[in-house]
1. Give the long-range amide H neighbours of Ile32: residues separated by 5 or more places, or on another chain, with amide H under 5 Å away, using H modelled in the peptide plane at 1.01 Å from N.
2. Highest GNM mean-square fluctuation, the chain, Cα pairs closer than 10 Å: which of Val114, Val44, Val17?
3. With Kirkwood radius over Cα pairs in Å in mind, check (1) 17.7; (2) 15.8; (3) 16.5 and report the label derived from this structure.
4. As I understand it, the value is the acute angle between the Cα axis of helix 5-25 and the longest principal axis of the Cα atoms of the chain; what does it come to in degrees, rounded to 10?
5. Rounded to whole Hz and in sequence order, give me ³J(HN,Hα) for the range 67-72 from the Karplus expression 6.51 cos²θ - 1.76 cosθ + 1.60, θ = phi - 60°, writing x for Gly and Pro.
6. Quote to one decimal, in nm, the extra length available between Trp79 and Ala9 on full extension: 0.36 nm per residue of separation minus the C-alpha distance between them.
7. Starting from the 7 Å offset along Cα-to-Cβ, what nm value, one decimal, do you get for the label separation of Leu64 and Phe149?
8. Applying 1/(1 + (r/R0)^6) with R0 = 30 Å to the Cβ-Cβ distance of Asp25 and Tyr113, what FRET efficiency is obtained, to the nearest 0.05?
Amino acid sequence: MLKWLRLSALTLLLDQVSKLAIDRDMQLYQSIELIPGWFNLTYVHNTGAAFSFLESAGGWQRWLFSGLALFISGVLLVWLRGLSRRQVLLAAALALVLGGALGNLIDRIVYGYVIDFLDVYYQSYHWPAFNIADSAICVGVGLMLWDNFFGGSEQDLK
């Protein structure tokens, strides 16, 4: 099932290329409206974790989250390696989570923060900004839950 690492690599590539483009073409906190009333590109730095958890903790969280990402990536690789050929949905899920985790890990190591830029909102309510890596992690976790609750893992999903 290690062939699924191609999906991880594609996720990682799309994430890093998009972040480099945002960093190159936008100013920090700049916002570009794409779908009025719903969606902007808004360039922000996130030194915390999901939803800016521990963002103002003083810097130690960078290394905590980096260590967690490395550990989780190792667990995902071992898990992925042990899957049967029929566990297609779970393999895709793990590959997406792995690619997303590595994408945000690279940001933390290189910059000390994660580049976020996808801004979904309604009126004055804004969901916390996120990126392609975050999206891949969420989709991957969703697929894992689906697989767990609906048993898709043992089905042949050709």
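No value in this document is a laboratory result; all are computed from the given coordinates. Since this is a predicted model, take the numbers as computed values, not measurements. FYI the Cβ positions are ideal-geometry reconstructions off the backbone, even for glycines, and counts take in every protein chain you see.
1. HN-HN under 5 Å from Ile32: Leu41, Thr42.
2. Evaluated over the chain, the most mobile residue of the options is Val17.
3. Looking at Kirkwood radius over Cα pairs in Å for this model, the match is (3).
4. The angle comes out near 10 degrees.
5. Rounded to whole hertz, the list is x, 4, 5, 5, 4, 5.
6. Working: separation 70, 0.36 × 70 = 25.20 nm, distance 1.70 nm.
Full-extension gain reported as 23.5 nm.
7. 3.0 nm
8. Working: r = 18 Å, r/R0 = 0.60.
Calculated transfer efficiency: 0.95.
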